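The values are calculated or read from the model by the stated rules, or taken from the named source; none is laboratory data. Not measured: the values here are computed from a predicted model. Note that we place each Cβ from the backbone using ideal geometry, even for glycine, and neighbour counts take in every protein chain shown.
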Ligand SMILES: C[S@@+](CC[C@H](N)C(=O)[O-])C[C@H]1O[C@@H](n2cnc3c(N)ncnc32)[C@H](O)[C@@H]1O
């Protein structure tokens, strides 16, 4: 019985951590920032898609290696068992809904309201598109991953609920605190959009990140949110269309904004014109990609960005002490991986992704946004033929080697090793 209770708690945390919102943190009120210093220059000769990694000063601690072996295999089998899926995951869902409601986030009412609106979700029709294999996997404890109405309708509800759970000090505004921390770190690193600029938000989900970018950059002319899930795009679009209605009962305020357009599309092949975009945003997206997909997306961003255009990346930081420790813990990390299939790949590949950006962009700035997350801004060269070599400015750690933002994440399960 005690074991059941413990497992159930773990499942609750798992759902909270991985249900779209990906390991939210409580933002430290005292964010200390280190001076941003150029760390190294990449030799010009190796600039095409592969930086000379020897020349990059590692300012980060050694990361845990992915686990292998029999014990790990058994754990992974247990986590894909029917007991896990049929008993613990529904229990975890129930609890996150309760957490939402207890924090004044009206999950049930919002869900029922959207479901009652006219939309293709009423027919439960399966939408047929050609999806890449990596995308067909089970994500976030949904059997159909990102390819179902449930996941799409619940994305923003779960995001708010997880924010409230992991940011007790902020309650229902936890998600806002989390996302604001990324935005501040992006602006602090020179992230900008020129007047009349075009912003593309790749992997926009139902559009939360796109709507936030629209608020952050009132001077932008157009914001295109692109996602591979037709379900997410449809829900996001419906929310924007329903927003002017007085009786909207959604879980967050949605301001109608004619500049926003949500489209179904593949971040690796956007169909956008060469050098037509000022900003490419990737918010909480690339931890869901195999590394080779992320590199494809970066190449695509490089193609569509105008000279001087920027990529913004907001993500989990496995170099941060908190996530590095979590990755050391076989049980915790296996639980995470059971709903985030490419987490190990992402954790292993972060340096390769950074090196790719340094090799192909002018400057790459990265800093801690929270105690466990980074924000990165990479600026494309103005002159593609210039001799200027890429520069990495990594200010996540201070001179003493400490991560510059305190980790104040709710550590419920980390104390349960
Ligand atoms: C965790 S969600 C992030 C949503 C959003 N950016 C936010 O911050 O709220 C990741 C999204 O990436 C999308 N995605 C995954 N692979 C993609 C691809 N190749 N092209 C476009 N979107 C993709 C998924 O469908 C999912 O909606």
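Whenever a residue of segment 95-124 is surrounded by fewer than 19 Cβ atoms within 10 Å (Cβ to Cβ), its partners that are not in a helix (DSSP H, G or I), lying with C-beta atoms within less than 8 angstrom and at least six residues away or across chains, give the pairs 106/249; 106/251; 109/249; 113/248; 113/249; 113/250; 120/127.
Suppose the filter is more than 15 Å from residue 224 (Cα to Cα), at pLDDT 95 or above and not in a loop (DSSP other than H, G, I, E, B); does residue 261 pass it? So that I can check it myself, show each step before the final result.
Details: more than 15 Å from residue 224 (Cα to Cα): no; at pLDDT 95 or above: yes; not in a loop (DSSP other than H, G, I, E, B): yes.
The answer is no for residue 261.
Being surrounded by fewer than 20 Cβ atoms within 10 Å (Cβ to Cβ) and under 15 Å from the mean Cα position of the chain (by Cα) is the requirement here; does residue 341 meet it? Yes. Scan segment 292-305 and tell me whether some residue there is in a strand (DSSP E or B), within 15 Å of the ligand (Cβ to nearest atom) and more than 29 Å from residue 175 (Cα to Cα). No; the residues of segment 292-305 include none that is in a strand (DSSP E or B), within 15 Å of the ligand (Cβ to nearest atom) and more than 29 Å from residue 175 (Cα to Cα).
Restricting to segment 278-301, count the residues that are free of Cβ contacts under 8 Å to residues at least 24 places away in the same chain and on the phi > 0 side of the Ramachandran plot.
To start, the set of residues in segment 278-301 that are free of Cβ contacts under 8 Å to residues at least 24 places away in the same chain comprises 292.
Checking which are on the phi > 0 side of the Ramachandran plot leaves us with none.
Residues flagged as free of Cβ contacts under 8 Å to residues at least 24 places away in the same chain and on the phi > 0 side of the Ramachandran plot within segment 278-301 amount to 0.
Here is a yes/no grid of residues against (1) closer than 30 Å to residue 73 by Cα; (2) touching a helix residue (DSSP H, G or I) at 6+ places or on another chain (Cβ under 7 Å); (3) surrounded by fewer than 20 Cβ atoms within 10 Å (Cβ to Cβ):
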{"residue": "286", "(1), (2), (3)": "yes, yes, no"}
{"residue": "299", "(1), (2), (3)": "no, no, yes"}
{"residue": "320", "(1), (2), (3)": "yes, no, no"}
{"residue": "336", "(1), (2), (3)": "yes, yes, no"}
{"residue": "372", "(1), (2), (3)": "yes, yes, no"}
